[in-house]
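Bear in mind these aren't lab numbers, they're just calculated from the coordinates by the rules spelled out. No experiment lies behind these values; they were computed from the predicted model shown. Here the Cβ positions follow ideal geometry from the backbone for every residue, glycine too, while neighbour counts run over all protein chains shown.
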Amino acid sequence: MAYSPARPRRRILPYLLAVVLAIGLIAGLRWFFGRSGESAPSACSGESAKIRVASSQDKIWILREVAKEYSGRTVAGRCAEVVIDEANSGTAMRALARGWKEQTDGERPDVWSPAASAWVTLLRQQAAGADGAVPVADGKPVPIVTAPLVFAMPKPMAEALGWPGKAIGWAELAGLAADPKGWAKYGHPEWGQFKLGKTNPNYSTSGLNATIGAYFAATGTTSDLTAGDITDARTRDFVKGVEQSIVHYGDISMTFLGNLLRADDRGESMAYISAITVEENSVTDYNRGNPSGNPATLGEHAPPRTPLVAVSPKEGTLFSDHPYVPLTWMDPARKAVADDFLTYLHSAPVQAKFQSYGYRGFDGKLGPQATRENGVIPDATITTLNLPTPTVLDKVLRSWSELRKRANVLIVVDKSGSMEEEATGTGESRLELAKKAAINALPQFRGDDKVGLWAFSTRQDGEKDYRELVPIDAMSKIGPALRDELGGLTAGGGTGLYDTTLAAVERMRGARDAGAINAVVFLTDGKNEKNGGSDLANLLGRLNPDVRLFTIGYGEGADQGVLKRIAEATDGAAYDSSRADTIDQVFTSVISNF
């Protein structure tokens, strides 16, 4: 047979096709893992150097995008990778002060970026007080971006107070909060009493800066706050008056903003809240229908019908400077990556990315979102307050704990049979971990806070699915009983979720205290398993914000969607503890609402 040059070409074609498919498969895998993992696969080869950055929640989504874009660069001959971990500013500060323990605090970071340098000041104070090593270098940290604290107010309410022509400050809000006429003083009785949303200053930067701002406002100064100012009776009365207008505290400001957007959907935004102390960028996020600030969810919700405006407190305010804090335990290779990543964060394209989400640059420059349409007056005069000394700052937090609004709370704990199962990887049952978490969180309550305890599964008290273990009373009286009853819980039975939730809310309505935060903390690892009784529709129809529900979905089997709907029906908050070993941190976050 004569040789034909076409036949080898026919044999080559399948191989070429296989090569093309393999290249496509590799590209697809790179795309998939780049989207679903913590960071994209490194583009460089050889030795690597990975750093972990513990970041505050507010900027974490943008920072993760930036870290993925950065990872793969070569730094000092090594392939650099940056992983961004979520870390509440106050919680991370305490973990660092006591000497970060990975078993309870998560993987140890190399860089810490809380939302404000105040946390670095507190870290130095608390670590020194505990005779521990301070894991940060001396000197002022370098900011990544900046944002001033503002009063975020529904625009009609701000205008009723004279905004934007009239300056508004803590004095106006404190006066309105104390006036029994409420908004009727300004011709709007339909808005009810003045209601303030403010986060817990022990955990949240906006709450910390707002508390410091209130103390400054009470003294009429912008710097040199003294220990004597904190103990002054008039100062304390002023701050206490502000705190009495609180709807509830929270660990993050996004809780309030998310609830507000849902209230706006119902046409009830001004019935929910009158002002929230937040950073300026949160106002622009909210007005774009994206209260979480997550770039991935931008555009999923329409802008609110009633927008917020950013009101700069006339007495002055503090800036969240989002410091970049290298920790002293890094080796030279990781330190080189950390230094290079900071340079990258300060580059013009990255700063523009942050500014496109409402932040100011590290140099304070405004971005394109700072417009009147987005609720921000670009040329507004802002008086900057000076951060108190470490000793005074510590006294501010201690004093706030004495002056904050009281709590009136019923804790309801699931003791169904599934709580006997091991919490994956811990060697302990879910119930044992939950009991420890609840007991550890009890010291957050003050002696005059009222607390009660129920346990539930099915048929705990006759036909009732719940049993009262400790009647609601002052913590100073029933603290030991709470600890004993929590420690003695044993598991068994099904999950009578709906009937128990409704009964707990009705009990708290009967025990409602007008001068306190009235709430139910509800922990469950499952879903409703009871036939008959209340169904979900009936339950949701009977809930409202007079008693707020804070739900904890515990473990892999918890019905997170239903718990979220229940919490949102009361303008409370749902917490996800799908990983049972996170319950200690989650319980602490929940109790920070009070």
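With the simple spin-label model, which puts each label point 7 Å out from Cα in the Cβ direction, the LYS181 to ASP85 separation comes to 5.4 nm. Close amide H partners of ILE246, meaning residues 5 or more places away or on another chain with modelled amide H under 5 Å apart, are LEU196.
Let me have the relative contact order for segment 406-591, percent, based on Cα pairs under 8 Å that are six or more residues apart.
With pairs under 8 Å counted, the relative contact order is 25 percent.
Distances between placed amide hydrogens fall under 5 Å for ILE411 paired with GLY452, LEU453, TRP454, VAL521, all partners being 5 or more residues away or on another chain.
Is segment 406-591 rounded, prolate or oblate when judged by the Cα gyration tensor, a ≥ b ≥ c being the square roots of its eigenvalues, rounded requiring a/c under 1.5 and prolate requiring a/b larger than b/c? Cα axes put segment 406-591 in the rounded bin.
The fraction of all Cα pairs in segment 182-337 landing in successive 5 Å bins from 0 to the largest distance is 2, 8, 14, 17, 17, 15, 10, 8, 5, 3, 1, 1, 0, given as whole percents.
Summary of the geometry: segment 521-594 and segment 309-377, compared by the centres of their Cα atoms, lie 35 Å apart. Across segment 541-550, computed HN-Hα scalar couplings (Karplus, 6.51 cos²θ - 1.76 cosθ + 1.60, θ = phi - 60°) run x, 10, 9, 7, x, 5, 10, 8, 9, 10 Hz from first to last residue, x flagging Gly and Pro. Charged side chains reduced to their Cβ positions (Lys and Arg at +1, Asp and Glu at -1) give segment 259-388 a dipole of some 120 debye around its Cα centre. When the convex hull of its Cα atoms is viewed from all sides, the chain shows a mean projected area of 35.0 nm².
By definition, a body whose alpha carbon gyration tensor gives a ≥ b ≥ c is prolate when a/c is 1.5 or more and a/b is larger than b/c, and segment 70-175 fits this prolate description. For the pair GLU159 and GLU463, label points projected 7 Å from Cα toward Cβ lie 5.5 nm apart.
A full extension of the chain between THR221 and SER347 corresponds to an added length of 41.7 nm, given 0.36 nm per residue minus the alpha carbon distance.
Bridging of LYS530 to lysines at a Cα separation below 20 Å is possible for LYS415, LYS464, LYS564, once same-chain residues fewer than 8 apart are set aside.
The mean sequence distance of close C-alpha pairs (under 8 Å, at least 6 residues apart), as a share of the length of the chain, puts its relative contact order at 14 percent. Relative to one another, the C-alpha centroids of segment 431-486 and segment 215-229 are positioned 40 Å apart.
The distance between label points at THR328 and THR383 comes to 3.8 nm (points 7 Å beyond Cα on the Cα→Cβ vector). Considering helices alone, the calculated mean residue ellipticity of the chain at 222 nm is -12000 deg cm²/dmol, with DSSP H runs of length four and up weighted by -39500 (n - 2.57) and normalised per residue.
Among GLU279, GLU432, GLU190, the ranking by other beta carbons within 10 Å of each residue's beta carbon, starting with the fewest, stands as GLU190, GLU432, GLU279. Residues of segment 327-346 with an amide N closer than 17 Å to a point placed 7 Å from the Cα of ALA76 along the Cα-to-Cβ direction: 327-344.
Simple point charges give the picture: +1 on the Cβ of Lys and Arg, -1 on the Cβ of Asp and Glu, and for segment 406-591 a dipole about the Cα centre of about 520 debye.
For segment 153-236, applying the loop criterion from DSSP together with a ceiling of 13 other beta carbons within 10 Å to the trypsin sites (Lys or Arg not before Pro) yields LYS166, LYS181. Residue separation of GLU421 and GLU65 scaled by 0.36 nm, minus their Cα-Cα distance, works out to 124.4 nm of gained length.
Were the residues from SER578 through ASP232 laid out at 0.36 nm apart, the gain over their Cα-Cα distance would be 120.0 nm.
Backbone phi angles across segment 420-425, fed through the Karplus curve with coefficients 6.51, -1.76 and 1.60 (θ = phi - 60°), yield HN-Hα couplings of 6, 5, 5, 6, 2, x Hz in residue order; Gly and Pro are listed as x.
For the chain, DSSP calls about 40 percent of its internal beta bridges antiparallel.
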